[in-house]
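Each remark here refers to the structure printed beneath this line.
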Amino acid sequence: MRDPSLQLTGSLHASDTDVVRKGLLGAIMPALVALRAIITRESLRFVRQRSRFVAALVRPLLWLVVFAAGFRAALGLSITPPYQTYTTYEVYIVPGLCGMILLFNGMQSSLSLVYDRELGSMRLLLTSPLPRWWLLICRLLASTLISILQVYVFLSVTAIYGIRFSPLGYLVLLPALLVTGMMLGGLGLALSSAIKQLENFAGVMNFVIFPMFFLSTALYPLWKMAESSELLHDICTLNPFTQAVELIRFALYGSFNGVALMWTCIAAVVFLALSVWGYDPARGLTRRKT
Amino acid sequence: MTGLSVQNLSYAYGTKQALDDVSFHVPSGAFCALLGPNGAGKSTLFGLLTRLFTSPQGRIEIAGQDMARNPRNALKNIGVVFQQPTLDLDLSVQLNLTYFAALHGLSGKLARSRADAALDRLNMRDRSKETVRDLNGGHRRRLEIARCLIHRPKVLLLDEPTVGLDTTTRRAITDYVHDLSVNDGLTVLWATHLTDEVQNSDQLVILHKGLVLETGTCSTIRGAIPLNDHFLNRTGTDA
């Protein structure tokens, strides 16, 4: 006996008006439709995971309120660009904490990619007829936009706390966050292509996130590092996260740091290229036996 | 050549040969069962057919499109249901469908009407607002089948789609996909290790340890003996 609820009803090719777009628009529209869908999906997932949002906000706030309060007395900061005057430690670490949100989210997004792959929804994305590099960029852009939203929420809280920037600073910050988010997300994407199992991810977090964060200017200025060790100073200078934090720092004060922008862009392109290479079907990194 | 064609396809995970010179052809509009025990290489074959990964050896043609030369055109013609569920459990039924439609470039009214039509065909329209997490296993599978039809593919690939379902639901879904082949002219490749899902008139490919043991219609291959016995004889594995 056949299940009556599964009887065929109507034709698969029921009439609807197929919109056939030709030329350049026909090539671009499907890509934009997919971009919008991927951003919408990631946003909805984010809204449904409120704990993720709270965690992302609590982490930098704890650093600001607890860590910075303790360090204020211990750490003296000299007047270096973009600062025009003496700066308290709380004010100094805000750009680094913005970077921290992007860094943790970039890595968390790559963790969700590994998770997606384990669950299978990544397969759905990768079997779309759109170019794979475009699909990866869409995914990256979606997670970056969510991270940026979190940074602005964090800055709203810091404003209530008493650390405020000029309207121009908040505005100029946006492209800086976009570049930084794409760079860090690209790194996460490249890592996710190399991670076969979710269990391996914790190790990567420890070996990537913490060194990147602590060996940067997020918590201490470069000159302070140089005082303790030239080697540490050099490592910090080479760390792309340092450049990203400086880009954010200058942007928050309405200034432009060309060197930081250049290095962040270069790192973004390199990481993105690595992830496209990592997800190349001929490399077989996405293959998983089920 | 339309339908689905696989020629001299080989694939290895390191030193372990998963597929060895696999060749078969499924004519347009035919239902072909890919029968093989666990570990036969079915999921590897599906990975290659959906371009999750590629092999330097062999050729795949989907509805006349060469997978290596025109991957995007080949993928446009494929509707796939993987063995692992690929639904977003936290999103509604409708959002899952419109998300998939968007990945195939369909948006707005067109995407919604296709999603509604797909749900109508499986009598699930009234559940379109529910989150997938609230659906049972059978309905989730139905939804995945509905979803893979949205972009009107010519070839359906289903990798053990009835795993974990009860007998009645399993039968219903098997019959439904057979109907899609007969009534709508879809070419179907249905991977399974369960011989009761294969009908006499179906095309059959028996895969074992990465090798194609037999191809032909089910009735010709099994002859007078039950398919399960024949399968057991050929593979030494109880289906």
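Cα convex hull, the protein assembly as shown: 165 Å³ per residue, rounded to a whole number. For A:Met225, the solvent-accessible surface computed with a 1.4 Å probe is close to 20 Å², ligands and nucleic acids excluded.
Annotation: B:His230 carries an accessible surface of approximately 20 Å², with a 1.4 Å probe and no ligand, DNA or RNA atoms counted.
Placing unit charges on the Cβ atoms of the charged side chains and taking the dipole of the protein assembly as shown about its Cα centre, the candidate lying farthest along the positive direction among A:Leu232, A:Phe71, B:Gln203 is A:Phe71. Once the 1.4 Å probe is applied to the protein heavy atoms, the stretch B:88-152 comes out at 35 Å² accessible per residue. Compute the acute angle (0 to 90°) between the alpha-carbon long axis of helix B:108-121 and the principal axis of greatest extent of the alpha-carbon atoms of chain B; round to the nearest 10°. Roughly 60 degrees, rounded to the nearest 10. Among the protein heavy atoms, those of A:Asp280 account for about 60 Å² of accessible surface (1.4 Å probe, every chain in place).
For chain B, the longest principal axis of the Cα atoms and the long axis of helix B:137-148 meet at an angle of about 90 degrees. Of the heavy-atom accessible surface of the protein assembly as shown (probe 1.4 angstrom), what whole percent is carbon and sulfur? Whole-percent figure for carbon plus sulfur exposure: 60. Beyond 29 Å between alpha-carbons counts as too far, so tell me which of B:Lys76/B:Lys109; B:Lys76/B:Lys129; B:Lys16/B:Lys154 fall in that bin. Those over the limit are B:Lys16/B:Lys154.
Pair-distance distribution P(r) for the stretch A:26-278, from all Cα-Cα distances in 10 Å bins starting at 0: 7, 31, 36, 19, 6, 1, 0 percent.
Could you tell me what a quarter of the Cα convex hull surface of chain B works out to, in nm² with one decimal place?
12.8 nm²
Of the residues A:Phe241, A:Phe256, the one with the largest accessible area comes first in the ranking A:Phe256, A:Phe241, computed with a 1.4 Å probe on protein heavy atoms.
Rounded to the nearest 500, the helix-only mean residue ellipticity at 222 nm of the protein assembly as shown stands at -17500 deg cm²/dmol, with each DSSP H run of n ≥ 4 adding -39,500 (n - 2.57). What do you get for the angle between helix B:93-103 and the principal long axis of chain B? Use alpha-carbon atoms, 0 to 90 degrees, nearest ten. Once rounded, the angle reads 70 degrees.
If both residues of a DSSP beta bridge must be in chain B, then about 55% of such bridges are antiparallel.
Interface B/A, total buried accessible area with a 1.4 Å probe, nearest 100 Å²?
4800 Å²
One quarter of the convex hull surface built on the alpha carbon atoms of the stretch A:142-278 amounts to 9.3 nm², the projected area averaged over directions. Computed about the Cα centre, the dipole magnitude for the protein assembly as shown is approximately 760 debye when only Lys and Arg (+1) and Asp and Glu (-1) carry charge, each at its Cβ.
The values are calculated or read from the model by the stated rules, or taken from the named source; none is laboratory data. Bear in mind the structure is a predicted one, so any value in this text is a computation, not a measurement. We place every Cβ from the backbone using ideal geometry, glycine too, and count neighbours over all the protein chains shown. Just so you know, the surface numbers come from the protein's heavy atoms only, side chains and all, with ligands and any DNA or RNA stripped out. Shrake-Rupley method; radii C 1.70, N 1.55, O 1.52, S 1.80 Å.
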